[in-house]
Amino acid sequence: MSQDCLLHGHFPDKPHIEIKTESDIMSARRVARELAKELGFSAFDQSRIITLISELARNIFKYAGRGYISIETIKGRNGAKGVKIHAIDCGPGILNVNRALEQGYSTSGSLGAGLPAIKRMADEFSIQTAEGKGTYVKITKWLN
């Protein structure tokens, strides 16, 4: 991977799942389910976390061909527990992030619901992207 890929300097020094096949998406979902259940997330929020992972991993697979997902347990200042999910790739990047975050916008003929849904379901959301250098999405979901 090129040194000017967003991966360099941004990927957390945490265990991660490489996404390069459909079965890797399923592996990421399984890890997310186990962690969310272990932390005590409700069945509803476990489903949301699994959906978040699915959408992020599918975007990596579909648009970049290869990338990484990292899921970590975090604690907030008030002692709240949560999960932080990092998704990063060295793909083509997103040319217009604002458009990509609009419900219904798609460059691939899909429904265009992925990124807008991710942003809505996450408690915290950030995205960094650069043409030809990839995309880095970081989201947090807190245990309520």
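The values are calculated or read from the model by the stated rules, or taken from the named source; none is laboratory data. This is a predicted model, so every value here is computed, not measured. Heads up, the Cβs are rebuilt from the backbone with ideal geometry, glycines too, and the neighbour counts pull from every protein chain shown.
Which residue, of Ile139, Ile94, Ile127, is among the β-branched types (Val, Ile, Thr), within 21 Å of Lys37 (Cα to Cα) and at pLDDT 85 or above?
Step by step, each of Ile139, Ile94, Ile127 is checked, and only Ile139 is among the β-branched types (Val, Ile, Thr), within 21 Å of Lys37 (Cα to Cα) and at pLDDT 85 or above.
Would you check if there is a residue in segment 22-35 being part of a loop (DSSP other than H, G, I, E, B) and either on the phi > 0 side of the Ramachandran plot or modelled with pLDDT of 95 or more (or both)?
Within segment 22-35, not a single residue is part of a loop (DSSP other than H, G, I, E, B) and either on the phi > 0 side of the Ramachandran plot or modelled with pLDDT of 95 or more (or both).
Would a scan of segment 106-113 turn up a residue that is modelled with pLDDT under 95 and either under 30 Å from Leu39 (Cα atoms) or in contact with a Ser or Thr (Cβ under 9 Å, 6 or more places away or on another chain) (or both)?
yes
Between Ile88, Ile53, which is modelled with pLDDT of 90 or more, crowded, with 19+ Cβ neighbours inside 10 Å and outside any helix (DSSP H, G or I)?
After ruling out the rest, the residue left standing is Ile88.
Kindly establish whether Gly82 is at pLDDT 85 or above and either in a strand (DSSP E or B) or within 17 Å of Lys20 (Cβ to Cβ) (or both).
For Gly82, the condition - at pLDDT 85 or above and either in a strand (DSSP E or B) or within 17 Å of Lys20 (Cβ to Cβ) (or both) - is met.
Has segment 48-70 got at least one residue that is among the polar types (S, T, N, Q), farther than 12 Å from Ile19 by Cα, touching a Lys or Arg at 6+ places or on another chain (Cβ under 7 Å) and in contact (Cβ under 8 Å) with a residue 12 or more places away in the chain?
No, the conditions are met nowhere in segment 48-70.
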